[in-house]
Amino acid sequence: MPNPPSAADTKLSISGIAKRYGPTAALEPTTLDVRRGEFLTLLGPSGSGKTTLLMMIAGLVEPSAGRILLEGEDITERPAYRRDIGLVFQNYALFPHLTVAENIAFPLEMRHMPRPEMTRAVTEALELVRLPHLGQRYPRELSGGQQQRVAFARAIVFKPALVLMDEPLGALDKKLREELKLELRKLHRELGATIVYVTHDQDEAMLLSDRICLMANARVAQVDAPTDLYNRPRSRFAAEFIGESNIAHGVLEQSDETWRVALDGGPRLACAAPTARPAGPVSVLIRPERIRLAKAGPGFPAEVETVLDLGGIRRFALRTPGGLGFDVVELGSATAGLAVGDQVRCEVAAADVVPLNEGAPS
Ligand SMILES: Nc1ncnc2c1ncn2[C@@H]1O[C@H](COP(=O)(O)OP(=O)(O)OP(=O)(O)O)[C@@H](O)[C@H]1O
Ligand SMILES: [Mg+2]
């Protein structure tokens, strides 16, 4: 686990923030710190409370409880336009009657920036989003991707303390999304800006984020760096939301410093130390690409039930003699020639057998 941020590193501090609409909790009380310069992504299924949390940070939705501190100052009661926050939304339209340059200058006009300084800032912002020649066009004369880049420029031109983005690539086609995703990552590095980003696309979150705040049912499920979230999910929900997963059930055992899990219908495997649970019934995660197959050798036995050869990638469904089924994904050539009905040996490192905090289903 990364160390908790110290006060000097903390850009945004959210404590106990909650939102209720009548009987519905759009967000249960939530506490979260965002570090200076961090790209933090709120990731989760539809309706999990991502936009609600972002809108409360922006000052566009009033919290039912809790406080928000930006740069150590309590901004909970401060109106949105005085928060020093840049916004980009999926459909946060540009002003159609203003040129691109005028759109980008708008936040600077609001702040009464002197004209020469403003012209310089707009030119810089246009260069940053790689549209240096389009300042005099109107939004309707731009492609969707270009419009969204102008929206980025408008959100960052006044060097806000914080930039919030809600599914900014959501309305674009796949190819453009890929392109802008990479640009956004570069932009973040160049600017060193602190960004809170919302998406329900796990690939986008994995690629862009320093940390991901995974949300479900109006709550935070886990906050971690992308690789930690992938390798050490704490719950079944986190394990299944990110990447592919085999979830098996069994009994967790400890002897001295060593943890093992006896899988129902399967082998007894050395596993990672659990984060917060005692020995007993457990669900464990094993990622399909972390299981190594061989015709002979160490490891537990299984039979090949199906093989899907997708060129570079081979996917297998296997079953142990005790009846435990699981999937394996292989990128290399080690499994070339394996066929349905073959008996194989399966090896998994202890660190890749991950006990989940949620108990085994009853
Ligand atoms: N103005 C509102 N009145 C009543 N309920 C609301 C309101 N806004 C949001 N909700 C409810 O709060 C919950 C969280 O909504 P929110 O928009 O934050 O979800 P989200 O995670 O952004 O989802 P999506 O990925 O679909 O955008 C949902 O159940 C939603 O129906
Ligand atoms: Mg939303």
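The values are calculated or read from the model by the stated rules, or taken from the named source; none is laboratory data. Since we're looking at a predicted model, the values are computed, not measured. Note that we place each Cβ from the backbone using ideal geometry, even for glycine, and neighbour counts take in every protein chain shown. Note: areas computed on protein heavy atoms with side chains; ligands, DNA, RNA excluded. Shrake-Rupley method; radii C 1.70, N 1.55, O 1.52, S 1.80 Å.
Within the stretch 244-355, the proportion of C-alpha pairs whose separation exceeds 19 Å stands at 42%. Counting only protein heavy atoms, what percent of the accessible surface of the stretch 7-231 is carbon or sulfur at a 1.4 Å probe? Ligands and nucleic acids excluded, carbon and sulfur reach 52 percent. Between Q222 and L214, the built amide H atoms are under 5 Å apart, and every one of these is 5 or more places off in sequence or on another chain.
Here each label is just a point 7 Å from Cα along the line to Cβ, and for A273 and D203 those points are 3.7 nm apart.
Along the axis of the charge dipole computed for the chain (Cβ charges of +1 for Lys and Arg, -1 for Asp and Glu, origin at the Cα centre), the listed residues A151, N357, L207 are led at the positive end by A151. Each Lys or Arg adds one and each Asp or Glu takes one away; over the other residues whose Cβ falls under 10 Å from the Cβ of Q343, this sums to 0. Once the Cα-Cα distance is subtracted from the 0.36 nm per residue extended length, the T306 to E71 segment shows a gain of 79.0 nm.
Here the chain carries DSSP beta bridges of which approximately 75% are antiparallel, counting only pairs with both residues inside. Per-residue extension of 0.36 nm, minus the Cα-Cα distance of R219 and A351, leaves a gain of 44.8 nm for this segment. Angle check, please: helix 100-110 long axis (alpha carbons) against the longest principal axis of the chain (alpha carbons), in degrees 0 to 90, nearest 10. Between helix and principal axis, roughly 70 degrees. Among Q136, Q202, Q147, the residue with the largest mean-square fluctuation in a Gaussian network model of the chain, with springs joining Cα atoms closer than 10 Å, is Q136.
Counting protein heavy atoms only, the stretch 244-355 has 53 percent of its accessible area on carbon and sulfur, 1.4 angstrom probe.
Charging the Cβ of each Asp and Glu at -1 and of each Lys and Arg at +1, and nothing else, the dipole of the stretch 7-231 about its Cα centre rounds to 340 debye. Of G86, G66, G322, the residue with the greatest mean-square motion in the GNM of the chain, using alpha carbon springs below 10 Å, is G322. Using a Debye calculation, one point per C-alpha and no hydration shell, please list log10 I(q)/I(0) for the stretch 161-267 at q = 0.17 Å⁻¹ in order. With one equal scatterer per Cα and no solvent, log10 I(q)/I(0) is -0.89. Solvent-accessible area per residue in the chain equals 48 Å², computed with a 1.4 angstrom probe and all protein chains kept.
Go ahead and estimate [θ] at 222 nm for the chain from helices alone: -39,500 (n - 2.57) per DSSP H run with n ≥ 4, summed, over the residue count, rounded to 500. So the helix-based figure for the chain works out to -7000 deg cm²/dmol. Here the Gaussian network model covers the chain, with springs between Cα atoms less than 10 Å apart; of L40, L142, L27, L142 fluctuates the most. Per-peptide packing, taken as the mean over residues of other Cβ atoms within 10 Å, places 225-234, 126-135 in the sequence 225-234, 126-135 from highest down. A simple count of charges around L293, restricted to other residues whose Cβ falls under 10 Å of its Cβ and scoring Lys, Arg +1 and Asp, Glu -1, yields +1. Put simply, the convex hull of the Cα atoms in the chain casts, on average, a shadow of 22.4 nm².
Between T258 and A294, the C-beta separation translates, for a Förster distance of 25 Å, into a calculated FRET efficiency of about 0.55. Residues of the stretch 200-233 falling in the label zone of R185, defined by backbone nitrogen less than 11 Å from a point 7 Å along Cα to beta-carbon, are 204-210.
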